Amino acid sequence: MTPLFAYPVYQTVIENELNMSELTDIIEGTLTREKDKLVTNTGNAHTAEQYFLDKHKNSVLAKTITKHLNIYFHDILMASRDAEIYVTQSWLNINKPGDYHHAHTHPNSFVSGTFYYQVNERTGDFTCASPEYTPLEYEKTGHNILNSNAWKFTPKKYELYLFPSRTLHNVEANQSSITRISLAFNTYLRGVINRQQTTALILK
């Protein structure tokens, strides 16, 4: 079997790469400053601060995320080193008990990502869904990546996910007694994107 045209979802726990004291300071500090300025979203809330990683660009967290973005873009997607992937926007999502995050994609972005700061097995699965129309829904004796219209991931604390921004995804309801806190971000490309005569593109 050849699973053609995949939506590659990258996941890795980065706890051992982080400075925990610094991580706590920058995330808890942001939440404290933003507690009266949270923006209500469909089912949850997020910080008004939309450039978290820019503000903390010298942090170990920002550098670690950039490292894994480069692994995803250059090593897995095999993009030329003449093109650079970089974070454009980043913000904290806050899901209190009972909150969820509606199904959505991330326009104006190439790869999106989420870093999970405070989660457990009941704070809400991250679910990706196929955009393809299903003309026939048949009963299945089991599920795998070849026959599923949706796929659930249960994020772990300090886990990083990267995925194509066009991926339709949602977060299921927080059924725990704690607040689910995650850092979400978008990216774009710059440099020599393509040299082909009819599709050449250079972004500065």
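The values are calculated or read from the model by the stated rules, or taken from the named source; none is laboratory data. Note that the coordinates shown come from a computational prediction; the quantities given were computed from them, not determined experimentally. So basically every Cβ, Gly included, is an ideal-geometry build from the backbone, and we count neighbours across all protein chains shown.
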**OP:** State all residues of segment 1-60 that are under 12 Å from L92 (Cα atoms) and acidic (D, E); if no residue qualifies, say none.
**Re:** E28, E34, E49
Original post:
Filter segment 148-162 for residues that are surrounded by 17 or more Cβ atoms within 10 Å (Cβ to Cβ) and touching a Ser or Thr at 6+ places or on another chain (Cβ under 9 Å); which is farthest from A48 (Cα to Cα)?
Top reply: W151
Original post:
For segment 163-191, how many residues meet the condition of being farther than 18 Å from I27 by Cβ, surrounded by fewer than 19 Cβ atoms within 10 Å (Cβ to Cβ) and hydrophobic (A, V, I, L, M, F, W, C)?
Top reply: 3
Original post:
Out of the residues in segment 14-31 that are touching a helix residue (DSSP H, G or I) at 6+ places or on another chain (Cβ under 8 Å) and either farther than 18 Å from D54 by Cβ or basic (K, R) (or both), which is surrounded by the fewest Cβ atoms within 10 Å (Cβ to Cβ)?
Top reply: N19
Subject >> Hits in segment 60-70 - residues which are farther than 14 Å from I85 by Cα and either surrounded by fewer than 19 Cβ atoms within 10 Å (Cβ to Cβ) or free of Cβ contacts under 8 Å to residues at least 40 places away in the same chain (or both) >> reply: V60
Original post:
Does at least one position in segment 140-147 carry a residue that is surrounded by fewer than 12 Cβ atoms within 10 Å (Cβ to Cβ), closer than 29 Å to N70 by Cβ and modelled with pLDDT under 95?
Top reply: yes
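Which one of I94, I85 is more than 13 Å from S182 (Cα to Cα), surrounded by 15 or more Cβ atoms within 10 Å (Cβ to Cβ) and modelled with pLDDT of 95 or more?
Among I94, I85, only I85 is more than 13 Å from S182 (Cα to Cα), surrounded by 15 or more Cβ atoms within 10 Å (Cβ to Cβ) and modelled with pLDDT of 95 or more.
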Original post:
Quick check, is S109 more than 19 Å from I27 (Cα to Cα) and surrounded by 18 or more Cβ atoms within 10 Å (Cβ to Cβ)?
Top reply: yes
Original post:
Is one or more of the residues making up segment 126-136 closer than 24 Å to M20 by Cα and charged (D, E, K, R)?
Top reply: no
Original post:
Got a number for residues in segment 1-44 being in a helix (DSSP H, G or I) and either closer than 17 Å to Y117 by Cα or touching a strand residue (DSSP E or B) at 6+ places or on another chain (Cβ under 8 Å) (or both)?
Top reply: 17
Original post:
Given the residues T66, T40, which is the only one that is at pLDDT 95 or above and closer than 30 Å to A200 by Cβ?
Top reply: T66
Original post:
Any chance segment 20-34 includes a residue that's in contact with a Lys or Arg (Cβ under 8 Å, 6 or more places away or on another chain), among the charged types (D, E, K, R) and touching a residue at least 12 places away in the same chain (Cβ under 8 Å)?
Top reply: no
**OP:** Look at segment 45-87 and say how many of its residues are part of a loop (DSSP other than H, G, I, E, B) and either touching a Lys or Arg at 6+ places or on another chain (Cβ under 9 Å) or closer than 25 Å to I193 by Cβ (or both).
**Re:** 11
